[in-house]
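Shown next, in structure tokens, is the structure this report addresses.
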Amino acid sequence: MASETLLRPGEIKDILLREIEAANLHELDVEDVGTVLEVKDGIARIYGLQKAMAGEMLEVTSSDTGNTIVALALNLEEDNIGAVILGDYLQLKEGDEVRRTSRVLEVPVGPQMVGRVVDPLGRPIDGLGEINAATTRRVESPAPGIIVRQPVKEPLQTGIKAIDAMIPIGRGQRELIIGDRGTGKTAIAVDTIINQKGQGVICVYVAIGQKASTVASVVERLKQAGAMEYTIVVAAAASDPAPMQYIAPYSGCAMAEYFMYHEGKPTLCVYDDLSKQAAAYRQLSLVLRRPPGREAFPGDVFYLHSRLLERAAKLREDADVVDGKTILKPGGSLTALPVIETQAGDVSAYIPTNVISITDGQIFLESDLFFAGVRPAINVGISVSRVGGSAQIKAMKQVAGRLRLDLAQYRELEAFAAFASDLDAATKKQLERGARTVEILKQPQFRPMPVEQQVMIIFAVTNGFLDDIAVKELKGWERGFHDFMAAKFPQVGNAIRTEKAISKDTEAALRRGIEEYKQVAKK
């Protein structure tokens, strides 16, 4: 026994290392297969995959069912990877096999997606069969640089009088819709999509964390209005895992970007709503053991929304390259309408202030106005468009210039007049004009109005033509007025629509039309 060679532990280690180096493991793809260490709350800890990239698609195969589920690598740690599972994580368990794809997360894009309801991975959920999209696009991609952008100067009409007149939205703008639950935020977004009919705008509606029944009713409403012909709906319902809710807005944005970059089209993206996306991201981050910050949100929650909303842009007509890739058809645009839900009107909370600072203005909806019957319940004092008149046609600027100031003054006077016993004639007149303006700006849901009709009725109210008509009669008067103008003075509407301005002749015809209709309405 003494003659047998005894190897010391150090020597064994050296021999093993030499043997491992001699074996060409790269040809065997050993580093591209990993193992699930644990699965909990939509997160998998994975051992192996030393060369995995942040944001890479991983394929996890369930040993029980044989199904392959996509995961997204988020945390790259020294000895394991933290990945979020984009699917049913309950199928997976410790020991399941994980493979790299060497591809960053992508979704199918292209004209085949239009008119469909899909999940955040681009898979159809409307029961209308497979989608054979020829192209894919990365879910996360850099925003276009400042050189290839141009100023926002073309209106994106919402069809809502109060918005198009006072808080105009332009193509390429990011306008926040903010307010408490049940104040009509989704209604404004859906009306805007319906109003794009015939405008050549491709719309993407992203539903995040809503009830599936709510999403179904929105899709049904869009179908009834014929809007699904140019709309893609991306739905991550409340019952879907948090990772799906987290990537849904980026997927929707990627689908819209295809039309902006490859077809040079104007696009509209509605994110309804980003509060729920932030909550889903917070859930993922806490399970991934990322350090919590204010309100338990992770430190990069601002970046979560900024990198999404910065992708909205109006591209120059001669723009040629974005992120090193050639733009096939320049001049396209992506308009973003993010939605944020506040708690008891608190716009100074963490997520609302973040998104306010990223966007180019906000439409603030107030519960008190909503319950008082002012719908859409827009608070004109807090709402603002930082693009302003650049996003309006000249005709609207001509008639709506004073509207915002008049309304703000009316609100102040209204509060003051509640305590005053007798008012002077000028104050009374201003209060009466304000009451009529508020009544005219009310609008039923899902009935967007063409811009020429908006201009005509706002001209009538701001120039005092309606001062002698009772407030309760204004709704019926307005309906009759539009029918009368279409029948007897069609040239006025045509001129506003085509020339986008009110000439002296058009104004004279409009005044004559209002006076004639007032005589007819009295009888």
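Here is how the numbers come out for the structure above:
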quantity	calculated
Condition met for residue 131 (open to solvent by less than 70 Å² (accessible area, probe 1.4 Å), modelled with pLDDT of 95 or more, under 23 Å from residue 263 (Cβ atoms) and more than 21 Å from the chain's Cα centre (by Cα))	yes
Index of the failed condition, residue 310 passing every other in (1) open to solvent by less than 10 Å² (accessible area, probe 1.4 Å); (2) at pLDDT 95 or above	(1)
Residue selected from the range 361-376 under the condition in contact with a Ser or Thr (Cβ under 7 Å, 6 or more places away or on another chain) and closer than 30 Å to residue 498 by Cα, by the criterion surrounded by the fewest Cβ atoms within 10 Å (Cβ to Cβ)	361
The range 165-189: number of residues that are over 14 Å from the mean Cα position of the chain (by Cα), of a type outside the set (A, V, I, L, M, F, W, C), open to solvent by 10 Å² or more (accessible area, probe 1.4 Å) and under 22 Å from residue 357 (Cα atoms)	2
One residue from 363, 356 being in a strand (DSSP E or B), of a type in the set (Val, Ile, Thr) and closer than 26 Å to residue 314 by Cβ	363
Filtered residues of the range 101-128 (kept if of a type outside the set (Val, Ile, Thr), open to solvent by 30 Å² or more (accessible area, probe 1.4 Å), over 23 Å from residue 59 (Cβ atoms) and within 23 Å of the chain's Cα centre (by Cα))	111, 112, 126
Residue in the range 215-237 that is under 12 Å from the mean Cα position of the chain (by Cα) and over 19 Å from residue 175 (Cα atoms) present	yes
Unique residue being of a type outside the set (Asp, Glu) and within 23 Å of residue 520 (Cα to Cα) when the list is 465, 419	465
Candidates 78, 97, 59, filtered to the one that is more than 30 Å from residue 226 (Cβ to Cβ), touching a Lys or Arg at 6+ places or on another chain (Cβ under 9 Å) and among the acidic types (Asp, Glu)	59
Residue within the range 65-85 that is out of contact with any Cys (no Cβ under 8 Å at 6 or more places or on another chain), modelled with pLDDT under 95 and part of a helix (DSSP H, G or I) present	no
Single unsatisfied condition, residue 295 versus (1) more than 25 Å from residue 205 (Cα to Cα); (2) out of contact with any helix residue (DSSP H, G or I) (no Cβ under 6 Å at 6 or more places or on another chain); (3) part of a helix (DSSP H, G or I)	(2)
Within the range 409-430, considering residues that are aromatic (Phe, Trp, Tyr) and out of contact with any Lys or Arg (no Cβ under 9 Å at 6 or more places or on another chain), the one least open to solvent (accessible area, probe 1.4 Å)	416
From the options 245, 196, residue that is within 30 Å of residue 322 (Cα to Cα), open to solvent by 10 Å² or more (accessible area, probe 1.4 Å), modelled with pLDDT of 95 or more and among the polar types (S, T, N, Q)	245
Hits in the range 216-241 - residues which are of a type outside the set (Ser, Thr, Tyr), open to solvent by 10 Å² or more (accessible area, probe 1.4 Å) and part of a helix (DSSP H, G or I)	216, 218, 219, 220, 221, 223, 224, 228, 229
Where residue 420 falls short, out of the listed (1) touching a helix residue (DSSP H, G or I) at 6+ places or on another chain (Cβ under 7 Å); (2) not in a helix (DSSP H, G or I); (3) not charged (D, E, K, R)	(1)
Hits in the range 328-347 (condition: touching a residue at least 12 places away in the same chain (Cβ under 8 Å) and either polar (S, T, N, Q) or open to solvent by 10 Å² or more (accessible area, probe 1.4 Å) (or both))	328, 329, 330, 331, 333, 335, 341, 342, 343, 344, 345, 347
In the range 377-408, residue surrounded by the most Cβ atoms within 10 Å (Cβ to Cβ) [restricted to those that are β-branched (Val, Ile, Thr) and in a strand (DSSP E or B)]	378
Residue satisfying all of: in the range 481-523; in a helix (DSSP H, G or I) and of a type in the set (Phe, Trp, Tyr); surrounded by the fewest Cβ atoms within 10 Å (Cβ to Cβ) among these	484
Options 256, 279; residue that is in a helix (DSSP H, G or I), aliphatic (A, V, I, L, M) and surrounded by fewer than 24 Cβ atoms within 10 Å (Cβ to Cβ)	279
Test for residue 459: is it farther than 19 Å from residue 166 by Cβ, of a type outside the set (D, E, K, R), touching a residue at least 12 places away in the same chain (Cβ under 8 Å) and surrounded by 13 or more Cβ atoms within 10 Å (Cβ to Cβ)	no
Qualifying positions in the range 17-54 - at pLDDT below 90, open to solvent by less than 80 Å² (accessible area, probe 1.4 Å) and either among the hydroxyl-bearing types (Ser, Thr, Tyr) or in a helix (DSSP H, G or I) (or both)	25, 30, 31, 32
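Residue-by-condition table, conditions (1) free of Cβ contacts under 8 Å to residues at least 24 places away in the same chain; (2) touching a strand residue (DSSP E or B) at 6+ places or on another chain (Cβ under 8 Å); (3) part of a loop (DSSP other than H, G, I, E, B):
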{"residue": "127", "(1), (2), (3)": "yes, no, yes"}
{"residue": "133", "(1), (2), (3)": "no, yes, yes"}
{"residue": "136", "(1), (2), (3)": "no, yes, no"}
{"residue": "143", "(1), (2), (3)": "no, yes, yes"}
{"residue": "163", "(1), (2), (3)": "no, yes, no"}
{"residue": "168", "(1), (2), (3)": "no, yes, yes"}
{"residue": "182", "(1), (2), (3)": "no, no, yes"}
{"residue": "186", "(1), (2), (3)": "no, yes, no"}
{"residue": "192", "(1), (2), (3)": "no, yes, no"}
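A quick yes/no check of all residues on (1) modelled with pLDDT under 95; (2) under 25 Å from residue 405 (Cβ atoms); (3) of a type in the set (Val, Ile, Thr):
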site	(1), (2), (3)
107	no, no, yes
112	no, no, no
119	no, no, no
123	no, no, no
147	yes, no, yes
161	no, yes, no
189	no, no, no
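The values are calculated or read from the model by the stated rules, or taken from the named source; none is laboratory data. Keep in mind the model is a prediction, meaning the values are calculated, not measured. Every residue, glycine as well, gets a Cβ built from its backbone with ideal geometry; the counts of neighbours run over all protein chains shown. Surface accessibility is based on the protein's heavy atoms, side chains included, excluding ligands, DNA and RNA. Shrake-Rupley method; radii C 1.70, N 1.55, O 1.52, S 1.80 Å.
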